[in-house]
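Each value in this text was obtained by applying a stated rule to the coordinates, not by laboratory testing. This structure is a prediction, so every number in the text was calculated from the model and none was measured. Don't worry about glycine lacking a Cβ; one is built from the backbone with ideal geometry, like all the others, and counts go over all protein chains shown.
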Amino acid sequence: MKDILKITLPLVAIFIVAGIIMSVTYQHTYPVRFQAEKKEKEEALKEMAPDATDPIKPAGIWSADNKSYEYYQATASGNSVAYIAETAGKGYSSFIKMLVSLNPDMKIRDVKILDMNETPGLGDQVLEKSFLDQFKGKSLSQIILTKSETKENIQAVSGATYSSRGVINGVKDAVQLLVDKYGAGIKTAVQGVAK
């Protein structure tokens, strides 16, 4: 019994001290991390609508896959220049968090990946400009993943179908939301498109 106590008590003490150190560290680093993430998000929003002259503020909150996201209406002198939504899609090994922006005609302006942990050298190829640029100018009905070369739809990254599908699903959810919120005249043309 004494031998067990000799081993157990120092381990318990180490765990308690480590827990206190981690707690104190978290208290001091969380505000810094929060501010850094906030600034990064603000800069990403500006990139998604560089012609917006008014501050880009949240227009509302929406949810998908039991997670909450914000959406935005970017304006210049009070006129809409873009609609932006936060979204995420389940990739191979992580949720791929991104921003999607639409022009007032409800066509994709840009897609920007904010955070992901996909397989290096394979799944992380969805970050490449060649993959993300395929979305530009596409409407909701064109967001279809294909493995073959295409100009009409979106070609998956070779060997990274799950990651590609995660991006597609997130983009599709965001576009559907923005079309439902802001695309009154265009909505009828894209209803009935399968997710």
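If you scale each eigenvalue of the Cα gyration tensor by 5 and take the root, what three semi-axes come out for segment 82-195, rounded to whole angstrom and sorted largest first? Numbers along the way, then the final one.
Details: eigenvalues 107, 41, 27 Å².
Over the Cα atoms of segment 82-195, the semi-axes work out to 23, 14, 12 Å.
Provide the gained length on full extension for the span Q155 to T8, in nm with one decimal, where the gain is 0.36 nm per separating residue minus the Cα-Cα distance.
Between Q155 and T8, full extension yields an extra 47.3 nm.
Please go through segment 84-124 and write out the trypsin sites (Lys or Arg not before Pro) that DSSP classes as loop and that have at most 14 other C-beta atoms within 10 Å.
none
At 0.36 nm per residue, minus the direct Cα-Cα distance, what do K147 and E43 gain on full extension? Give it in nm, one decimal, please.
34.1 nm is the gain from fully extending K147 to E43.
Determine the calculated [θ] at 222 nm for the chain from helices alone, applying -39500 (n - 2.57) to every DSSP H run no shorter than 4 residues and normalising by the residue count; nearest 500 deg cm²/dmol.
Using -39500 (n - 2.57) per qualifying helix, the result is -13500 deg cm²/dmol.
Which lysines, if any, have their Cα less than 20 Å from the Cα of K39, not counting same-chain residues under 8 positions apart?
K57, K97, K112
Between L114 and D54, what is the spin-label point distance in nm, taking each point 7 Å from the Cα along the Cα→C-beta axis?
2.1 nm
Whole-Hz ³J(HN,Hα) for each residue in segment 147-155, computed from phi via Karplus 6.51 cos²θ - 1.76 cosθ + 1.60 with θ = phi - 60°, x for glycine and proline: what do you get?
Ordered by residue, 3J(HN,Hα) equals 8, 9, 5, 8, 9, 7, 10, 10, 8 Hz.
Taking semi-axes √(5λ) of the Cα gyration tensor in Å as the quantity of interest, determine which of (i) 28, 21, 15; (ii) 40, 23, 14; (iii) 26, 24, 14 was computed from the displayed structure.
The calculated read-out lines up with (ii).
Of the DSSP beta bridges with both residues in the chain, give the percent that are antiparallel, rounding to the nearest 5.
95 percent
What's the longest uninterrupted piece of the chain once you rule out the GluC sites (Glu not before Pro) that are loop residues per DSSP with at most 14 other Cβ within 10 Å? Please list the in-between numbers first.
Details: sites that count: E128, E149, E152.
It runs 1-127.
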